[in-house]
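To keep things clear, I will list the structure first and then write my remarks on it.
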Amino acid sequence: MKAFLNKRFVKVSIAALMVAAVAFATLITVIKHRANRYTYSSTENIPECYTAIVFGAGIRNGKPSKYLKDRLDAGIRLYKAGKVQRLLLSGDNGSRNYDELKVMRDYCLAKNVKAEDLFLDFAGFDTYSTLYRAKEIFEVDKAVLVSQNYHLDRAIYIGRSLGLDSYGYAADTGYYGGYRSNMLREMLATVNAFVEVNLQRKPKFLGEQVSIKGPSNALLHY
């Protein structure tokens with residue numbers, strides 16, 4: 001009897017895992033399919049938006065990582081092409097020794113982006129928080145989301161679920177170290193995003209509003 005119950009438990013467990021795997025794959029496929037219609041790889045075809053949101057992606061020795069450099073360059077291309085008028089930079093500035101936002105801001109200034117057209121999100125600690133704060137704190141209602149293609153599906157899904165009219169601009173250029181592992185983590189992050197959206201999570205930090213159409217905050221903290 002005990003052996004029978006053990007076999008039954010194993011079969012039920014396997015069946016449950018298979019159902020979960022199918023649900024997992026279906027969710028990711030649906031989100032990807034919906035996001036693809038809003039994703040662009042050229043500046044010519046992307047809709048004009050007042051704001052581009054550039055997501056942080058790590059710094060090395062005070063300089064942007066390749067992931068981040070490509071995102072910044074893509075945002076600057078949109079800006080110089082007249083597709084966007086403001087760049088909202090969101091990154092990790094959790095310590096004096098690690099400040100993505102300062103590096104991102106200085107990189108944009110060195111590329112001749114006007115300081116008054118730069119805005120910094122000091123509490124965009126993850127994709128969900130960045131997009132939630134973009135809408136609620138920076139009063140962004142329509143934006144181009146700038147990141148690598150593997151990340152845009154989730155970002156667009158979150159943005160549109162939060163009522164932010166979101167379009168993706170793929171910043172991919174060449175080879176990225178750790179790209180495959182990042183894609184695997186992204187699958188789990190997508191499932192987590194689904195949960196966050198449906199639970200209507202609020203970020204830990206909100207604060208006072210900084211309208212994207214008002215005075216820039218890019219020079220206030222440095």
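The values are calculated or read from the model by the stated rules, or taken from the named source; none is laboratory data. In this text, all values refer to a predicted model and were calculated from it rather than measured experimentally. Using ideal geometry, Cβ is built from the backbone for each residue, glycine included, and neighbour counts are taken over all protein chains shown.
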Residue count, segment 104-147 (criterion: assigned to a loop (DSSP other than H, G, I, E, B) and either surrounded by fewer than 19 Cβ atoms within 10 Å (Cβ to Cβ) or at pLDDT below 95 (or both)): 10
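For segment 83-122, how many residues meet the condition of being out of contact with any Gly (no Cβ under 7 Å at 6 or more places or on another chain) and among the aliphatic types (A, V, I, L, M)?
Residues that pass the stated criteria total 9.
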Please count how many residues of segment 78-117 are within 17 Å of the chain's Cα centre (by Cα) and among the small types (Gly, Ala, Ser). 2
Just a yes or no: is a residue in segment 176-196 in contact (Cβ under 8 Å) with a residue 60 or more places away in the chain, buried (at least 16 other Cβ atoms within 10 Å of the Cβ) and either basic (Lys, Arg) or not in a helix (DSSP H, G or I) (or both)? yes
Within segment 27-43, identify whether any single residue is surrounded by 14 or more Cβ atoms within 10 Å (Cβ to Cβ), among the small types (Gly, Ala, Ser), at pLDDT below 95 and out of contact with any strand residue (DSSP E or B) (no Cβ under 6 Å at 6 or more places or on another chain), and answer yes or no. yes
